[in-house]
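A short write-up of the structure that comes next.
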Amino acid sequence: MPTDLLSDFEARGLVHQTTDAAALREWLATPGRRVYAGFDPTADSLHVGHLVALVLLRRVAAAGHEPVAVLGGATGMIGDPSGRSEERNLLSPAELAANVAGVERQIRGILESTGQRVHVVNNADWMRGVGYLEFLRDVGKHVPLSQMLAKDSVKSRLDRDGGLSYTEFSYMLLQSWDFVHLSDVLDCRVQIGGSDQWGNITAGIELGRRLRSRDLHGITCPLLTKADGTKMGKTAAGAIWLDPQRTSPYAFYQYWINLDDDDAGRCLARLTDLAPEELAAYGEKRAANPAARETQKRLAEELTRLVHGEVGLITARQATEIFFGAEIRDLDDAALREIFADVPSHEFSRASLEGEGLPLIEALEATGLAASRGAARRTIEQGGGYVNNRRVSDAAYRLTPRDLAGGSTLVLRSGKKSYALARFQ
């Protein structure tokens, strides 16, 4: 078992680079230390790529220290060039404020459940009102240009046709000052971030040495990537967001269920609190019976609960079980559309459900689940007709409002796997 925070990070594959490891361990040996990570509000939600930093901060809390999450209300106005091949679009003040509010809610929801004291601060609070000349004199004076130009995040952009604007070039100064400021007001001496943040972190460490003669420390973690090297958290439909309005709990859950074995094993170690012996047991299960996908199921369960809570996990499981024949009920229209996004649908008049109702035979034909009403009748009589995954054996069955699984939607099925949505407007 790891005996300190850094050893815990290393055992889980969460360390890419560190500054002086011995000095870092010595600093973290005293409980109650503050450790920070920054989150720029480029959108009103964080995405899967941010989970590593959030989990690192949760593990900071579990080790008896105090996590510090810095919202980039100031740095978000500029944009970090690290890991980028082109200039970011600048956000309006209203967009930035909305993004800060959305990201803060998510960070607090994930970190405050640890029960440890959590600091969530906004760098706009100490940068707002600072004059340009004042900042150049007090901060810029102490950051050599040669140091900034040597950073990989800067060099890679200067070598491209699009180059690097002075605005983004200045980002490193702001993040460096964040580190020094936090060491002043919170005695925060450790910064963590993705591997693409090494240049920014070490610039802050150097600024702390020049301005305060103070030892600051840095840890970077590997970016969340798949075995093929591509960034994790992207699908054909776009990013996997932590906001349930952008990515439903069901889609979030399914993302982890569908990971390859190697990726799932690595994520289980890095993104969950499972003990080393549990991680080893799941490794043995993967080797013995990969088709069971036990690692993926546990990973999906742990992360969906973390991000969406117990209710979100129950909803995601319920939606998943639908494809194994579970009866469909108590889901809203949005959830049904999400679950059955890839199946045919047909719109009927709401009035067709009133009175005697809509013949199921007619609905099966209209949705394309049967080639004709005769074929629909045979499907039902042979036991292959379903309404909301509930078998209907009466060929004379009529659909009425009580059959709606959502406010205006029900699910029809023919045989084992042929689905269609019936929408009533």
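Read-outs: derived from the displayed coordinates by stated rules, not from any lab. No experiment lies behind these values; they were computed from the predicted model shown. Neighbour counts run over all protein chains shown; Cβ positions are idealised from the backbone, glycine included.
Numbers at a glance
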read-out	value
Cα convex hull volume per residue for region 238-322 (Å³)	94 Å³
Simple Cβ-charge dipole of region 309-425, Lys/Arg +1 and Asp/Glu -1, about Cα centre, in debye nearest 20	380 debye
Positive-pole candidate from 77, 361, 65, dipole of the chain, charges at beta carbon	361
Net dipole in debye of region 238-322 [+1 Lys, Arg Cβ; -1 Asp, Glu Cβ; about Cα centre; nearest 20]	180 debye
Residue-span extension gain [residue 4 to residue 400] - 0.36 nm each, minus C-alpha spacing	136.3 nm
Antiparallel %, DSSP beta bridges [both residues in region 284-425], to 5	75 percent
Euclidean distance of C-alpha centroids, region 370-387 and region 12-52, integer Å	58 Å
Sorted by Cβ density within 10 Å, fewest first, the residues 187, 243	187, 243
Among 316-326, 67-77, the order from most to least packed when residues are scored by Cβ within 10 Å on average	67-77, 316-326
Distance (nanometres) between label positions extended 7 Å along Cα→Cβ at residue 184 and residue 62	3.5 nm
Most to least packed among 343-351, 293-301 [average Cβ atoms within 10 Å]	293-301, 343-351
By average C-beta atoms within 10 angstrom, highest first, the peptides 328-339, 90-101	328-339, 90-101
Three-way shape call for region 184-232 based on the alpha-carbon gyration tensor, with the a/c threshold at 1.5	prolate
Whichever lysines have a C-alpha closer than 23 Å to that of residue 231, once near sequence neighbours (fewer than 8 apart) are set aside	151, 155, 297
Distance between modelled label sites at residue 278 and residue 260, nm, 7 Å Cα→Cβ extension	2.6 nm
DSSP bridge pairs, the chain: antiparallel proportion in percent, nearest 5	50 percent
Virtual spin-label span in nm between residue 223 and residue 337, 7 Å along Cα→Cβ	3.4 nm
Gained length - residue 327 relative to residue 128, 0.36 nm times residue gap less alpha-carbon distance	66.1 nm
For a label point 7 Å along the Cα-to-beta-carbon line of residue 20, residues of region 188-204 with backbone N under 13 Å	none
Degrees separating the helix 198-212 axis from the principal Cα axis of the chain, which is the longest one	30 degrees
Average Cα contact separation per residue, the chain, under 8 Å, 6 or more apart, as relative contact order %	14 percent
Computed lengthening from residue 112 to residue 141, 0.36 nm per intervening residue step minus Cα-Cα distance	6.6 nm
Three-way shape call for region 240-279 based on the alpha-carbon gyration tensor, with the a/c threshold at 1.5	prolate
The chain: calculated mean residue ellipticity at 222 nm from DSSP helix runs of at least 4, using -39500 (n - 2.57)	-13500 deg cm²/dmol
Cα gyration tensor, region 5-223 - rounded (a/c under 1.5), prolate or oblate	rounded
Charge dipole (debye, nearest 20) of the chain; +1 at Cβ of Lys and Arg, -1 at Cβ of Asp and Glu	300 debye
